[in-house]
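Beneath this line is the structure, given in structure tokens, with notes to follow.
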Amino acid sequence: MQFLGTGYYFWDNNLELAKVWGKHHYNGKYAVIEVDFDLKSDSCYDLVGNRSHQIDLAERLNKLSVNSGSNKTKKWTLSQFFTFIRKFAVSNRDIFPYEMIRAIDLLNHKKYEKVHELILFTEDKDNYTVINPKIVICVFDKNRLNLQTKRIVFTS
Amino acid sequence: MDDIQKRSLEAFEEMLKSMDKKELNDLIEEISSMDTAGEPTVAEYFNQIEEQFAHFYFSENMDDDCSKNNMDHFQSFQNILNTKYDNVFVQESTKINFNILLNQQDANGIFDTSTKSKKSMLKNSLAA
């Protein structure tokens, strides 16, 4: 299963990640294409920069658990949840009216802190933030994208 | 919470409440089994491996402090491989250089499984 369900996946402003992906998934023969998105709150379910959407997801997961009476959903992955909800959105778009989902992949971010560019807030505390996160965007339908802005930014 | 989000959340809850409980739980069961039932497909498994490669690629230029992490990382990688295949192994050649040795690769370094469901290119060497 794909991270956020079936769709077209993009890295958010990360040419280096796109190159790594091309190197390892397309035998080193690839091009990186840049497309401009409008990340509006009514079309993008944004689990990166929209706190309201993060809360919304937690609420939906809780409602699912309560209404089903099943403990299984408490262990669901994002991929499973979005597969579930998008099944219903086909017949009732109100249930999930979004056209794309945006999320951060934090795998090994602490281990590879130089890649992710972890930076402390202050010298005397261990609190830190990440300034080069791996952000993925899953677009459900490529016809929704404004492909007129498409341009090749790198060829191997 | 904007109007669209509020309406969507309400629609979601209404849908859950209106659904037949058995139908809902059957669907939950079906989706739950998608990630966890049985062995991953070959395609899924190689996606996992390629993810590991991507991370190693990132770490190639890291300093010595990070090489310990590489070794730990590759030991984990080897352990994963061992659970699936007998004839694929990772060998540490130097502190930060590793060779991937595959018994089933062709002259171009293309690794193919016996199921032929997916060809996956693995590099012979990821030496920094």
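The values are calculated or read from the model by the stated rules, or taken from the named source; none is laboratory data. From a predicted model like this one, the values you see are computed outputs, not experimental measurements. So basically every Cβ, Gly included, is an ideal-geometry build from the backbone, and we count neighbours across all protein chains shown.
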Kindly provide the set of residues from the stretch A:52-88 that are within 10 Å of another protein chain (Cβ to nearest Cβ) and of a type in the set (Lys, Arg), ordered by number.
A:Arg60, A:Lys63, A:Lys72, A:Lys75, A:Lys87
Some residue of the stretch B:24-46 being modelled with pLDDT under 75, in contact with a strand residue (DSSP E or B) (Cβ under 9 Å, 6 or more places away or on another chain) and closer than 25 Å to A:Asn14 by Cβ
yes
If you scan the stretch A:74-91, which residues turn out to be modelled with pLDDT of 90 or more, under 18 Å from B:Lys17 (Cα atoms) and not charged (D, E, K, R)?
A:Phe81, A:Phe84, A:Ile85
Keeping to the stretch A:40-51, report how many residues are touching a His at 6+ places or on another chain (Cβ under 9 Å) and within 10 Å of chain B (Cβ to nearest Cβ).
2
Residues that are under 22 Å from A:Lys134 (Cα atoms) and at the interface with chain B (Cβ under 7 Å from one of its Cβ atoms): does the stretch A:95-105 have at least one?
no
Step by step: first the residues of the stretch A:4-45, then only those that are of a type in the set (Asp, Glu) and closer than 17 Å to A:Phe154 by Cβ, then the one that is surrounded by the most Cβ atoms within 10 Å (Cβ to Cβ). Which residue is that?
A:Asp12
Listed by range, helices (runs of 4 or more DSSP H) wholly within the stretch A:3-99 having at least 1 residues that are aliphatic (A, V, I, L, M) and under 22 Å from A:Leu145 (Cα atoms) are A:15-25, A:78-89
Tell me, yes or no, whether the stretch A:59-72 has at least one residue that is of a type in the set (A, V, I, L, M) and surrounded by fewer than 17 Cβ atoms within 10 Å (Cβ to Cβ).
yes
